[in-house]
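The values are calculated or read from the model by the stated rules, or taken from the named source; none is laboratory data. All figures in this text were calculated on a predicted structure; none of them were measured in a lab. Here the Cβ positions follow ideal geometry from the backbone for every residue, glycine too, while neighbour counts run over all protein chains shown.
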Amino acid sequence: MNRHLTALLAGGTLLLGAATAQAALPEEATLYKNPQCGCCDAYARHLETLGIAVTVVDDIELGEIKQAAGVPYGLGACHTVSLGDYWIEGHVPLAAVESLFEERPATAGIGLAGMPLGTPGMPGPQREPYEVYRFEDHQATPYLTL
């Protein structure tokens, strides 16, 4: 086979794979946050750059949303996102969100406690591994280390 044709087919396959991973993400999300939190707005903008339409809700009791989502006590963050059939708690990096939607595990969602530097919406470089957890009924188990 012609080398140029082989390269073209290989490139097309790579693009198709990338499009498939992107297509696995839902088109819409709702981000619940406190009105004063700017890093939450930055996370919403990050999701929007991925083609996800984000509705921001900042006039609701955030603790009630976390309770309804099943976020484990002590592992919360500054915002909670409803994305497809899952909840995303905090500044979870895109690699973990993509993994969630590729694997589709039986869980309520995934989270990253606190506001770690270097995550989407947070300034600065990554200083330590991000320990992403999955949760169900307020119980957490390890999911990914990034």
For Leu62, are the conditions met, namely being in contact with a helix residue (DSSP H, G or I) (Cβ under 7 Å, 6 or more places away or on another chain) and of a type in the set (A, V, I, L, M, F, W, C)? no
Those residues of segment 22-46 which are within 26 Å of Asp137 (Cα to Cα) and either in contact (Cβ under 8 Å) with a residue 60 or more places away in the chain or aliphatic (A, V, I, L, M) (or both) amount to Ala24, Leu25, Pro26, Ala29, Leu31, Cys40, Tyr43, Ala44
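Considering only residues that are in a strand (DSSP E or B) and acidic (Asp, Glu), which ones fall in segment 104-146?
If the condition is that a residue be in a strand (DSSP E or B) and acidic (Asp, Glu), then Glu131, Glu136 are the ones that fit.
Would you confirm whether any residue within segment 83-94 is surrounded by 15 or more Cβ atoms within 10 Å (Cβ to Cβ) and at pLDDT below 95?
Scanning segment 83-94 turns up at least one residue that is surrounded by 15 or more Cβ atoms within 10 Å (Cβ to Cβ) and at pLDDT below 95.
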Do we have Glu64 as more than 21 Å from Glu28 (Cα to Cα), modelled with pLDDT of 95 or more and part of a helix (DSSP H, G or I) here? yes
Just to check your reading of the model, which residue among Gly124, Gly111, Gly118 is among the small types (Gly, Ala, Ser) and either buried (at least 20 other Cβ atoms within 10 Å of the Cβ) or touching a His at 6+ places or on another chain (Cβ under 6 Å) (or both)? Gly111
Within segment 91-106, residues being out of contact with any helix residue (DSSP H, G or I) (no Cβ under 8 Å at 6 or more places or on another chain) and free of Cβ contacts under 8 Å to residues at least 60 places away in the same chain number 10
With respect to Gly74, determine if the residue is touching a Pro at 6+ places or on another chain (Cβ under 6 Å) and in a loop (DSSP other than H, G, I, E, B). no
